[in-house]
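Notes for the one structure printed next.
None of the figures in this text is laboratory data; all of them are computed from the coordinates on show. As the structure is a prediction and not an experimental result, all values here were calculated from the model. Positions of Cβ are generated from backbone atoms using ideal geometry, with glycine treated the same way; all protein chains shown enter the neighbour counts.
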Amino acid sequence: MTERQKLILHAVVEQYAEVAAPVGSSLLAKVFNVSSATIRAEMVELERQGYIKQPHTSAGRIPTDKGYRAYVNDLTNGAVLPESRIEKALATRVQDGGLPERTIRNAVDTLVDLTHNLGLATIGDQLYMSGLSNLFGQPEFIRGSQVQQVASLLDNLEPWLREAAPNEPLSVYIGAENPIGRTAGVSLIISRFRSPYSDHSYIGTLGPTRQSYREVMSLVRHAGETLEEVLYA
């Protein structure tokens, strides 16, 4: 992938997250100050490589799971961003939690408010979840079969986390990368942290593959770091 193709892919991912509609060449031509024909040629090549796809004839393009993975990898390899205003708000609410269980629940509820995804965390051997209506309110989940896939993933998530015990500070599972519900069209973003319940506790979000990864990944990572600091202060 050339540097310009990478930037175009990033733009497709970010525009699609914002507008929930396929991204056309005319919009990107204005962003990159080149002709629509140039953008179309680059998009054809990105589509050939499997990073984007055209959901309908004459429509713009949307990212594939492979495209999202390339985008997320670029974010992971990038520089650490300074703490944002919303991350400071998250830290403030978490620090006011009191008991460990309430502190973790506060962190999850804050993630729900800030990301508009479903929030989740392990508390002992239980999985606390909040914001289910946020998830199923997204336009991606109008099909009953997809909702069933998501429900299956949630039913099996806590035992999978306990068994697999992902060891990265931040783990991102996109679409078919998810261990359960591979066709549900969701992304699981989780942060590992130490708690009084376990050295492998997790907090994170579950949302559609179409989401603002830059913001959500940063918030989830910050939630895990803040919880560990607060719980062991």
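Working note: Karplus 6.51/-1.76/1.60 with θ = phi - 60° gives segment 114-122 the couplings 8, 9, 6, 9, 6, x, 8, 7, 8 Hz, where Gly and Pro are set to x.
Using a Gaussian network model of the chain in which every pair of alpha carbons under 10 angstrom is joined by a spring, one finds that among HIS116, HIS56, HIS200 the greatest mean-square fluctuation is at HIS56.
For the chain, the dipole from Cβ point charges (+1 on Lys and Arg, -1 on Asp and Glu) about the Cα centre works out to 720 debye, to the nearest 20. Note on segment 3-64: with charges restricted to the Cβ of Lys and Arg (+1) and Asp and Glu (-1), its dipole about the Cα centre is near 120 debye.
Comparing SER171, SER218, SER152 in a Gaussian network model of the chain, where Cα atoms under 10 Å apart are tied by springs, the biggest mean-square fluctuation is seen for SER152. Here's how it looks for ILE123: its modeled amide H is under 5 Å from those of TYR128, which are all 5 or more places away or on a different chain. Using a Gaussian network model of the chain in which every pair of alpha carbons under 10 angstrom is joined by a spring, one finds that among PHE193, PHE141, PHE32 the greatest mean-square fluctuation is at PHE32. Relative to its residue count, the chain spans a Cα convex hull of 125 Å³ per residue. Spin-label model, ASN33/ILE142: points 7 Å from Cα along the beta carbon direction are separated by 3.9 nm.
Ranking GLY131, HIS10, GLN146 by how far each Cα lies toward the positive end of the dipole of the chain (charges on Cβ) leaves HIS10 at the top. Toward the positive end of the charge dipole of the chain, with +1 on the Cβ of Lys and Arg and -1 on the Cβ of Asp and Glu, the farthest Cα among ASN167, LEU90, THR57 is that of THR57. When a/c is below 1.5 the answer is rounded, else prolate if a/b is larger than b/c, else oblate, so apply that to segment 153-218 with a ≥ b ≥ c taken from the square roots of the Cα gyration tensor eigenvalues. It is oblate, given that a/c is not under 1.5 and a/b is not larger than b/c. Each Cα pair under 8 Å and six or more residues apart adds its separation to the average, and for the chain the resulting relative contact order is 18 percent. Here the relative contact order of segment 3-64, from alpha carbon pairs under 8 Å that lie six or more residues apart, stands at 38 percent. Extents of segment 3-64, largest first, come to 24, 24, 21 Å (Cα atoms, principal axes, whole angstrom).
A convex hull fitted around the alpha carbon atoms of segment 110-204 yields 89 Å³ per residue.
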